[in-house]
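Q: Just passing along the structure, written as structure tokens.
Just so it is clear, none of the values below were taken in a lab; they were calculated from the coordinates. This structure is a prediction, so every number in the text was calculated from the model and none was measured. Here the Cβ is made from the backbone with ideal geometry for all residues, glycine too, and neighbour counts use every protein chain on show.
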Ligand code: TMP
Ligand code: ASP
């Protein structure tokens, strides 16, 4: 029988990040209780904000995306949603790396090479960033990732790139279905401690993706907050509403 929300009880706080809090789950050492906060930060938390309902919206978007990915054969840590802004996930050994995939140049890489934002790429670009707040999550090459022991061998970096490109293919379709172009995104992975299997973790939300309206090119993601474009809450809520109806029409 599959578990129900009432089977789980929240345990101790393990970690508080910028947008989420992680707790243990009583009597389930293999699970995590993940709570999405209403806070919004940018530039490694130098800029802070929040809006009402953000945690609930991002919890729902993450869950819709992870369930859509699962239907397409891409597995994540998601187990079930609980309450308005929480979810139960599998407890993984997280890799100390953020994987960014870009379909169109924007943000830091556009700036670095002085490309105009919005320049399409011939093929998706994968990039690794070392997950270390005190260093401001710097870009790392494959060899630096091996030096830092993010993983133990090159084949694992290749596996990460392949998995990220699989996620990209599915997400382009899911967001494309609601009229949004997936410009770029950041994902994180962990390994199941028992099987060693690589699973998608963390979140996929307008905090971690760039999403542009296909027709108007309007930004529908955290750049609205980073760049003071206004209508942050409205944009997140619109992405949520559209994704929810796309999901409901599919299941
Ligand atoms: P970047 O252009 O600033 O490198 O960002 C690339 C993508 O990664 C973009 O969709 C936003 C996301 N991202 C995060 O999720 N967390 C971060 O800390 C940063 C810097 C970017
Ligand atoms: N995620 C980072 C922060 O919360 C950076 C960003 O998204 O701009 O500060």
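Q: If neighbour count is taken as other Cβ atoms inside 10 Å, put 130, 15, 236 in order from fewest to most.
A: 15, 130, 236
Q: If you bin the C-alpha pair distances of region 110-150 every 10 Å from 0, what whole percents do you get?
A: The distribution over region 110-150 is 23, 41, 31, 5, given as percents.
Q: Within a 10 angstrom radius of the beta carbon, how do 39, 208 rank from fewest other beta carbons to most?
A: In increasing order of surrounding Cβ atoms, one gets 39, 208.
Q: Moving on. In Å, the Kirkwood hydrodynamic radius of region 174-248 over pairs of distinct alpha carbons?
A: Across region 174-248, the inverse of the average 1/r is 13.5 Å.
Q: What is the ratio of the Cα radius of gyration of region 117-251 to 2.2 N^0.38 Å, with N the residue count, to two decimals?
A: Normalised Cα radius of gyration, region 117-251: 1.17.
Q: Compute the distribution of all C-alpha to C-alpha distances in region 161-213, in bins of 10 Å from 0, and list the percent of pairs in each, rounded to whole numbers.
A: Values per bin, smallest distances first: 23, 50, 21, 6, 0.
Q: When N is the residue count of region 59-150, what does its C-alpha Rg come to as a fraction of 2.2 N^0.38 Å?
A: Relative to the rule-of-thumb radius for its length, region 59-150 sits at 1.34.
Q: Along each of the three principal axes of the Cα atoms of the chain, give the extent in whole Å, ordering the values from largest to smallest.
A: If we take the Cα atoms of the chain, the spans are 52, 43, 37 Å.
Q: Oh, and also: For region 1-141, how big is the tail of P(r) above 25 Å, as a whole percent of Cα pairs?
A: So the portion of pairs separated by more than 25 Å is 41 percent.
Q: Over all directions, what mean area does the Cα convex hull of region 18-80 project, stated in square nanometres?
A: Seen from a random direction, the Cα hull of region 18-80 projects 5.4 nm² on average.
Q: Let me ask something else. Out of 206, 124, 29, any idea which swings most in a Gaussian network model of the chain, alpha carbons joined below 10 Å?
A: Looking only at 206, 124, 29, the biggest GNM fluctuation is shown by 29.
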